[in-house]
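Before any comments, here is the structure.
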Amino acid sequence: MGLYYLWVEEDSREGLTFIDKATTIAKEVADYLSWWAALYQSGTFLTFMSEFNEAHQRLKKCLDFSISANHKIGIAFSKTSISVCYQVEGNTKTSYKFAQETLELAKETGDAFIKGMAYANYATSCYYKGLFDDAKTFFLEFTSSYEKSAPISWIVWAYVNLGLLLIDLGEYDEAVNRYKKIISIMEMFDFMPSVVNYYQLFLVRAKVLRHDYDIELDEIFAFYQENKFKFCEGRMARNIGDVLLNMGDNYLTDSVAWFQRAIEADTRNELRWNLAEDHACYADWFRKKGDVQGAKEQLTKAINLFRECGADGWVTRTEKKLAELH
């Protein structure tokens, strides 16, 4: 019941009520598997609601249980989810450390299931840190060798970030294909509707960047309005802003409000890496408007935030953009 409310209804109040009841009962009867599952699922969900302290406490408890039992798959699940929690809040250095540890565990055990999680998470951690070549290598290794053995949640997480990397590389057709594939899978399972809409906005952005303007603006605005995940809020607003920005000068005025909305949401939800990306994208709006000074100010804010996150490759990339402004 707890999982249904969390991942299908996306109702944190009802979901956590059931999960916490399950945790209490599991403690009383020493049912460690149910206890672990309740902590893991709720800790993962809380990550995407920006409740990082509580998420870390629950996921750390999962890791402690798994280490005590010397349960390799439990250790892998726990460490990869702790890594994602750090990714989401913008601590890329610590996220990368946990991703490395899980990758080492995968190689040590040779377990295909663990490899599926480890390669997906390591590739994503490389992306957030700005190790773009490593990210591409491990994403491609994941999709070619380990995707079929990975849990659906890790396929989802890998594909959204692989799509982002492909967009950054200008490989828009491939990004469109990846997003279409994963959206069809998620719609078949009929869960996480906010994340499906989140993917839809990345798909629309990739299409517009390849100059495919056959989109419904009312539909993408509805995607944003229906979202229930704090993690998605800022990025969805930023994607709408970027879509409008790239649809022509007639939409330039409309796009600015969406960039500002993204900055407000990611500031409120304490998503520092996402906030850095918001400022970097907002710089494009100033540049297109002909305001070089405004663009420089936004890129400088992005650089400072990326540096705080430990995203060294993104610092270098954004500094290069700043140097090219005249």
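Of everything listed in (1) among the charged types (D, E, K, R); (2) over 21 Å from Ser255 (Cα atoms); (3) buried (at least 17 other Cβ atoms within 10 Å of the Cβ), the single unmet condition for Asp312 is (3).
Across the stretch 193-232, what is the total count of residues that are aliphatic (A, V, I, L, M), within 18 Å of Leu164 (Cβ to Cβ) and touching a helix residue (DSSP H, G or I) at 6+ places or on another chain (Cβ under 6 Å)? Steps first, please.
Pass one, the stretch 193-232, residues aliphatic (A, V, I, L, M): 195-196, 201, 203-204, 206, 208-209, 215, 217, 220, 222.
Still in the running and within 18 Å of Leu164 (Cβ to Cβ): 195-196, 201, 203-204, 206, 208-209, 220.
Checking the rest, the ones that are also touching a helix residue (DSSP H, G or I) at 6+ places or on another chain (Cβ under 6 Å) come to 196, 201, 203-204, 206, 208-209, 220.
Going through the stretch 193-232 one residue at a time, the tally reaches 8.
Here Asp278 meets the list (1) exposed (fewer than 15 other Cβ atoms within 10 Å of the Cβ); (2) out of contact with any Leu (no Cβ under 6 Å at 6 or more places or on another chain); (3) charged (D, E, K, R) almost entirely, failing just condition (1). Somewhere in the stretch 103-117, is a residue among the small types (Gly, Ala, Ser) and closer than 29 Å to Gly234 by Cβ? Taking every residue of the stretch 103-117 in turn, at least one turns out to be among the small types (Gly, Ala, Ser) and closer than 29 Å to Gly234 by Cβ.
Here's the yes/no breakdown for (1) of a type in the set (Gly, Ala, Ser); (2) surrounded by 21 or more Cβ atoms within 10 Å (Cβ to Cβ); (3) at pLDDT below 95:
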position	(1), (2), (3)
Ile183	no, no, yes
Ile215	no, no, yes
Tyr224	no, no, no
Gly241	yes, yes, no
Thr253	no, no, yes
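Residue-by-condition table, conditions (1) more than 20 Å from Lys107 (Cβ to Cβ); (2) assigned to a helix (DSSP H, G or I); (3) touching a His at 6+ places or on another chain (Cβ under 8 Å):
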{"position": "Ser125", "(1), (2), (3)": "no, yes, no"}
{"position": "Ser144", "(1), (2), (3)": "no, yes, no"}
{"position": "Glu147", "(1), (2), (3)": "no, yes, no"}
{"position": "Tyr159", "(1), (2), (3)": "yes, yes, no"}
{"position": "Gly170", "(1), (2), (3)": "yes, no, no"}
{"position": "Lys181", "(1), (2), (3)": "yes, yes, no"}
{"position": "Glu187", "(1), (2), (3)": "yes, yes, no"}
{"position": "Phe191", "(1), (2), (3)": "yes, no, no"}
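Answer yes if at least one residue in the stretch 84-106 is under 13 Å from Tyr40 (Cα atoms), under 20 Å from the mean Cα position of the chain (by Cα), in a helix (DSSP H, G or I) and not assigned by TED's automatic domain parsing to the domain that holds Lys136, and no otherwise. Give the steps one after another, and end with the answer.
The initial filter retains those residues of the stretch 84-106 that are under 13 Å from Tyr40 (Cα atoms), namely 84-85.
Right, trim to under 20 Å from the mean Cα position of the chain (by Cα) and you get 84-85.
So of that shortlist, the ones also in a helix (DSSP H, G or I) come out as 84-85.
Applying the additional criterion that residues be not assigned by TED's automatic domain parsing to the domain that holds Lys136 yields 84-85.
Yes.
Looking at the stretch 259-326, the helices (runs of 4 or more DSSP H) lying wholly inside it that each contain 3 or more residues that are closer than 20 Å to Leu244 by Cα sit at 272-289, 292-309.
Among the residues of the stretch 8-43, just one is over 19 Å from Phe229 (Cα atoms), outside any helix (DSSP H, G or I) and not aliphatic (A, V, I, L, M), namely Asp31. Go through the stretch 231-252 and give me each residue that's in a helix (DSSP H, G or I) and hydrophobic (A, V, I, L, M, F, W, C). Result: Phe231, Cys232, Met236, Ala237, Ile240, Val243, Leu244, Leu245, Leu252. If you go through the stretch 252-303 and keep only what is free of Cβ contacts under 8 Å to residues at least 12 places away in the same chain, farther than 28 Å from Ala222 by Cα and of a type in the set (S, T, N, Q), you end up with just Gln293. Which residue is farthest from Gly90 (Cα to Cα), if the candidates are limited to the stretch 13-57 and must be under 19 Å from the mean Cα position of the chain (by Cα) and small (Gly, Ala, Ser)? Residue satisfying both the conditions and the ranking: Ser42.
When the stretch 94-138 is filtered for residues that are closer than 19 Å to Gly163 by Cβ, surrounded by 20 or more Cβ atoms within 10 Å (Cβ to Cβ) and free of Cβ contacts under 8 Å to residues at least 24 places away in the same chain, the ones remaining, listed by number, are Tyr122, Phe138.
Against the definition (surrounded by fewer than 23 Cβ atoms within 10 Å (Cβ to Cβ) and either among the hydroxyl-bearing types (Ser, Thr, Tyr) or farther than 27 Å from Gly2 by Cα (or both)), how does Phe286 come out, yes or no?
Against the criterion (surrounded by fewer than 23 Cβ atoms within 10 Å (Cβ to Cβ) and either among the hydroxyl-bearing types (Ser, Thr, Tyr) or farther than 27 Å from Gly2 by Cα (or both)), Phe286 qualifies.
Looking only at the stretch 217-230, decide whether some residue is part of a helix (DSSP H, G or I) and either in contact (Cβ under 8 Å) with a residue 40 or more places away in the chain or within 17 Å of Ala175 (Cα to Cα) (or both). Lay out the reasoning, then the answer.
Pass one, the stretch 217-230, residues part of a helix (DSSP H, G or I): 217-226, 230.
Cutting the leftovers down to either in contact (Cβ under 8 Å) with a residue 40 or more places away in the chain or within 17 Å of Ala175 (Cα to Cα) (or both) gives us 230.
Yes.
Scanning for something under 26 Å from Phe231 (Cα atoms) and in contact with a Cys (Cβ under 9 Å, 6 or more places away or on another chain), does the stretch 277-296 turn up at least one residue?
no
The values are calculated or read from the model by the stated rules, or taken from the named source; none is laboratory data. Please read all numbers here as calculations on a predicted model, not as lab measurements. So basically every Cβ, Gly included, is an ideal-geometry build from the backbone, and we count neighbours across all protein chains shown.
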